[in-house]
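Encoded as structure tokens, the structure appears first; notes follow it.
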Amino acid sequence: MAETVTRNRKAFHDYDFEEFYEAGLQLKGTEVKALREGRAHLKDSYVVVRGEELYLVGAHIGPYGNAPADRQHEPERTRKLLLKKREIKELIGKLSRQGYSLIPVQIYFNQRGWAKVQLGLGKGLKKHDKRRKKKEKDVKRRLRQNYDAQIR
């Protein structure tokens, strides 16, 4: 079972995701240890394409407390994402479509202990879409509450 370090909950409010991808992260040793302590957040982070490579920008991984100051990493540095070439080319093609973005959804450790980031490919929601989505969620919640009340 995967051990989740952090989730980008705001992403599900701001985007309508169609597909999800799993990518590795190119990290330094202190970053891995800080992730194991849960010192990370994905708020306002995104993925950029440079050439034929993908990079995670804006993800914050806090400093590792037991490391000396000269070995500490920069908390918000740009980190390379590790995917197969075929996957990268496929993603670049999909990102070229109008309005699509690649947003980090969560960082976790898989069963083998590798740090991974889940990326969501989707379109940004407009304000009226967000309202409609919230309304539908509220209706489903009320229906579920009424159903639970009838069963008791």
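Any read-out appearing in this document is the output of simple, stated calculations on the displayed coordinates, not a laboratory observation. Being a predicted model, the structure only gives us computed values, none of them experimental. We place every Cβ from the backbone using ideal geometry, glycine too, and count neighbours over all the protein chains shown.
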Quiz item: Which pairs do you get when a residue that is in a loop (DSSP other than H, G, I, E, B), found in segment 27-39, comes within reach of a residue that is of a type in the set (D, E, K, R), reach meaning Cβ atoms under 7 angstrom, with the pair 6+ apart or on two chains?
Solution: LEU27/ARG79
Self-check item: segment 40-57 - residue that is surrounded by 15 or more Cβ atoms within 10 Å (Cβ to Cβ) and outside any strand (DSSP E or B) and, of those, nearest to the chain's Cα centre (by Cα)
Solution: LEU42
Quiz item: Hey, among the residues in segment 104-144 that are surrounded by 16 or more Cβ atoms within 10 Å (Cβ to Cβ) and of a type in the set (Gly, Ala, Ser), which one's farthest from ALA59 (Cα to Cα)?
Solution: GLY122
Quiz item: Residues in segment 69-89: is at least one closer than 22 Å to LYS10 by Cβ, free of Cβ contacts under 8 Å to residues at least 12 places away in the same chain and part of a loop (DSSP other than H, G, I, E, B)?
Solution: yes
Practice problem: Please go through segment 1-26 and pick out each residue that is hydrophobic (A, V, I, L, M, F, W, C), crowded, with 19+ Cβ neighbours inside 10 Å and assigned to a strand (DSSP E or B). | Solution: VAL5, ALA23, LEU25
Quiz item: Is one or more of the residues making up segment 59-75 touching a helix residue (DSSP H, G or I) at 6+ places or on another chain (Cβ under 9 Å), charged (D, E, K, R) and closer than 18 Å to TYR108 by Cβ?
Solution: no
Quiz item: Do you know which residues across segment 13-26 are in contact (Cβ under 8 Å) with a residue 60 or more places away in the chain and in contact with a strand residue (DSSP E or B) (Cβ under 9 Å, 6 or more places away or on another chain)?
Solution: ASP14, TYR15, ASP16, PHE17, GLU18, GLU19, PHE20, TYR21, GLU22, ALA23, GLY24, LEU25
Practice problem: May I ask you to say which residue of GLU31, GLU76 is touching a strand residue (DSSP E or B) at 6+ places or on another chain (Cβ under 8 Å) and either closer than 30 Å to HIS128 by Cβ or surrounded by fewer than 16 Cβ atoms within 10 Å (Cβ to Cβ) (or both)? | Solution: GLU76
Self-check item: Single residue of segment 90-102 satisfying the filter (among the hydroxyl-bearing types (Ser, Thr, Tyr) and free of Cβ contacts under 8 Å to residues at least 24 places away in the same chain) that is farthest from TYR21 (Cα to Cα)
Solution: SER96
Quiz item: Got at least one residue in segment 132-141 being without any contact (Cβ under 8 Å) to a residue 24 or more places away in the chain, more than 19 Å from VAL5 (Cβ to Cβ) and either among the polar types (S, T, N, Q) or in a strand (DSSP E or B) (or both)?
Solution: no
Quiz item: Do we find that GLU37 is surrounded by fewer than 18 Cβ atoms within 10 Å (Cβ to Cβ), under 18 Å from ARG112 (Cα atoms) and within 14 Å of the chain's Cα centre (by Cα) in this structure?
Solution: no
Quiz prompt | Set GLY122, GLY113: member being small (Gly, Ala, Ser) and outside any strand (DSSP E or B) | solution = GLY113
